[in-house]
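Each remark here refers to the structure printed beneath this line.
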Amino acid sequence: MKLSGVFWICLFFPFMQYAQETEYNHVIFDNSLMEESWFYGETSYSSPSHILNIQGRLPVNTDVAFTPGNSLQLNYSSAPEGSWKVNLKYPEWRGKDFLLKGDLLSFWLYVSDENQKDKLPEIAIGLDEEEISNYIPIGEYISDYSAKKWIQVKLPLGDFIESEEYANSNNIKVISIKQSPNDVGKNEILIDQVEIINEEISVVELEAPELKSAEGFERHVDLSWDLEDTEATRYVKIYRSDDNENFTAVGVQSPDEFSRYVDYTGIPGKTYYYKLSSLGYDYSESPLTESTEVSTREMSDEELLDMVQEASFRYYWEGAEIHSGLALENIPGRKNMIATGASGFGIMAMIVGVERGFITKEEFISRMEKIIGFVENGDRFHGALPHFMDGPTGKVEAFFGKYDDGADLVETSFFMQGLLTAEQYLSEDDLEENNLRDRISAIWKEVEWDWFKQHEDSPYLYWHWSPEHKWHINHKLIGWNETMITYFLAIASPSHGISPKMYYSGWASQDTIAQNYRSDWGQTSKGSMYTNNTSYFGIPLEVGVGVGGPLFFTHYSFLGLDPIKMEDKYTNYFDTNRDIVSINYRYSLENPGNFEGYGKNSWGLTASDGPWGYKAREAKVEMDDGTIAPTGAIASFPYTPEKSMDALKHFYREYGSFLWGEYGFRDAFNLSEDWTADIFMGLNQAPMVVMIENHRSGLIWDLFMKNENVQEALQEIKKVEE
Ligand code: CA
């Protein structure tokens, strides 16, 4: 079905320009990253019935699984006067919105009781927790019922309900399971691999993957492979052994998400053996590969830093959008959608990649050729780039709503920060590098920063402009936030510069409009000025909103712009950023929200994915939901090197089993909710690479600050009188 769908498009629209987004399998559950409970499995019951739960969530079984490493455990007692129910919710995240359509609900069932078939629970599909279809008995759909083995249960979606909304299987976001009216007493069943599939699947005889690399680190092994037939492969299955004789399946990987697998064993200095196989869409298995020996090893602090830098760098290197070589918003996520700001951060991470030996300079140059060629031909509006672009076409993608279909000046400034750094890095006097520098310089000069004043005597820059909707969004840029770099580069521009006075009239404005703009962010005793002059957790803060805001305010503008050198009449920005980080740290120690896992080695409130979606978090109770993002502490390395190193080690050594993945640390975790992000985010991985490097060698700061326009802007801002 999957193959024929693609084929149909090719036949009828041979000149179609827009490539179809990759459609993800519609998986409600395959494995839980957390080993205790599954965040998306919500239980409820009324006595005397009961279903075993951990804080209202289904327990995870790591001993018996259909797809390794785990399954969901339904341990219940049913009574006629009571009831129990569990809702399995589809885990959503940004950009996971293209799904393969299906006609069957499929899951794998493991029962221990030979005579349980007629008493098995009932199941329903739902659009959300409120809108659930009719329930149908699971037992009626099993022909080969037997205990103590995995049985596939397939229920035609048409048997549930006939309605327009359900006709599109992509709308199915909840699978609900409840007590059968025939059931009395205690039972336990396991459920695994809950998904919407197609009745017709092409069954192909698969080859085993070809192992490309196997590397041991302190507490994990990193395996990568090449696949013969990615389209027909449902999963790559990973087996591990301690003795090269007895192999246990430890995990599966979706080939449309990664061609790499991290096996976190938690033990340094140990030898393992690995084999791989491919699973088809019917879950038939290919032969296994030969075994490969890999050992974990003790690692020094320097080696741990290399490890975090390299894994996070890969997000931009091997995880890039294929047509442009630029960064995706998150992985897994939309595969065609380029995120402009994250791409600028990624360029800086790639420069670190060359200097740390992850790639060669030639490889970097060839990637930059691709990137610059793409930008030259892609959508720009008065020289400014959009927030998101479609990789295959280079067109703006209004992912955040129809009005955001033009320029995004803030994303442009993040991107230009990276591009100007690359211009300095490509310093050889040869044909190739001269050419790249010229083209970067042209892109830089084409950005009409002054256009974004909206009108000639405006004290502010504006965030967006679109050819169709003009200034409709009408969002002024006012600090303190992540937009200092936008004002800074606008002042630095040699072709379309703004007056350095706008640093104070716009970014650092103290006027009423600016105060009103900031008022939601936190008030000091003096209102909501740019200057702060308040102490938080014993630390005086000179500028900033409230407690200083989410930690990314101290990262995004300062990946290239050296905060040690950045001063205005109010403060030095290394000092201010260090103070903001210290406030954030002390808040996590004090932990007024009483969240699990906060402490001296585990802190860092910033913007990230979370149990309830993407959100900016700060060092105050109303802006804290218990979610910590590793990038918060780790991208703060220059400001708090010891505390950041402690956090890095703690995240890797204590939380690595769920937090360490294919591109380094997963985006965020929330121990109070037993939740970890499934994704890595483009805005959060590179700041770790770059800021660790700025701490280690000052590399990216030195390169960016070499730019003459940058040096002039620094001086001009200092010279501005009130
Ligand atoms: Ca599983």
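The values are calculated or read from the model by the stated rules, or taken from the named source; none is laboratory data. All values derive from a computational prediction rather than experimental measurement. Cβ atoms come from the backbone with ideal geometry, glycine included; neighbour counts cover every protein chain shown.
Here are the numbers for the structure shown:
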quantity: Exclusive hit being within 16 Å of the ligand (Cβ to nearest atom) and modelled with pLDDT of 95 or more, set 262, 252; calculated: 252
quantity: Scan of the range 70-90 for residues that are surrounded by fewer than 19 Cβ atoms within 10 Å (Cβ to Cβ) and within 16 Å of the ligand (Cβ to nearest atom), ordered by number; calculated: none
quantity: Residues of the range 632-648 satisfying the condition of being out of contact with any strand residue (DSSP E or B) (no Cβ under 7 Å at 6 or more places or on another chain) and either in a loop (DSSP other than H, G, I, E, B) or surrounded by 24 or more Cβ atoms within 10 Å (Cβ to Cβ) (or both); calculated: 632, 633, 634, 635, 636, 637, 638, 639, 640, 644
quantity: Positions within the range 520-577 being outside any loop (DSSP other than H, G, I, E, B) and hydroxyl-bearing (Ser, Thr, Tyr), in sequence order; calculated: 524, 531, 534, 535, 536, 554, 556, 557, 573, 576
quantity: Inter-residue pairs, beta-carbon under 7 Å, first touching a residue at least 60 places away in the same chain (Cβ under 8 Å) and near the ligand (Cβ under 10 Å from one of its atoms) and in the range 26-42, second assigned to a loop (DSSP other than H, G, I, E, B) and of a type outside the set (Ser, Thr, Tyr), 6+ apart; calculated: 31/69; 31/70
quantity: Any strands (runs of 3 or more DSSP E) falling wholly within the range 236-292 and containing at least 3 residues that are farther than 19 Å from residue 664 by Cα, touching an Asp or Glu at 6+ places or on another chain (Cβ under 9 Å) and hydroxyl-bearing (Ser, Thr, Tyr); calculated: 271-280
quantity: Among the candidates 155, 206, residue that is in a strand (DSSP E or B) and surrounded by 14 or more Cβ atoms within 10 Å (Cβ to Cβ); calculated: 155
quantity: Options 493, 466, 458: the member that is more than 33 Å from the chain's Cα centre (by Cα) and of a type in the set (Ser, Thr, Tyr); calculated: 458
quantity: Residue check, residue 67 under 23 Å from residue 142 (Cα atoms), within 16 Å of the ligand (Cβ to nearest atom), modelled with pLDDT of 95 or more and β-branched (Val, Ile, Thr); calculated: yes
quantity: Filtered residues of the range 618-631 (kept if within 16 Å of residue 536 (Cβ to Cβ) and part of a helix (DSSP H, G or I)); calculated: 621, 622, 623
quantity: Filter result for residue 586 (surrounded by 22 or more Cβ atoms within 10 Å (Cβ to Cβ) and either free of Cβ contacts under 8 Å to residues at least 40 places away in the same chain or basic (Lys, Arg) (or both)); calculated: no
quantity: Flag if residue 707 is of a type outside the set (Gly, Ala, Ser), under 19 Å from residue 485 (Cβ atoms), modelled with pLDDT of 95 or more and buried (at least 24 other Cβ atoms within 10 Å of the Cβ); calculated: no
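Residue by residue, here is whether (1) polar (S, T, N, Q); (2) closer than 15 Å to residue 555 by Cβ holds:
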{"residue": "627", "(1), (2)": "yes, no"}
{"residue": "665", "(1), (2)": "no, yes"}
{"residue": "687", "(1), (2)": "no, yes"}
{"residue": "698", "(1), (2)": "no, no"}
{"residue": "713", "(1), (2)": "no, no"}
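The rows are residues; the columns are (1) in contact with a Ser or Thr (Cβ under 7 Å, 6 or more places away or on another chain); (2) free of Cβ contacts under 8 Å to residues at least 24 places away in the same chain; (3) among the hydrophobic types (A, V, I, L, M, F, W, C); (4) not assigned by TED's automatic domain parsing to the domain that holds residue 278.
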{"residue": "161", "(1), (2), (3), (4)": "yes, no, yes, yes"}
{"residue": "173", "(1), (2), (3), (4)": "no, no, no, yes"}
{"residue": "179", "(1), (2), (3), (4)": "yes, no, no, yes"}
{"residue": "190", "(1), (2), (3), (4)": "yes, no, yes, yes"}
{"residue": "229", "(1), (2), (3), (4)": "no, no, no, no"}
{"residue": "243", "(1), (2), (3), (4)": "no, no, no, no"}
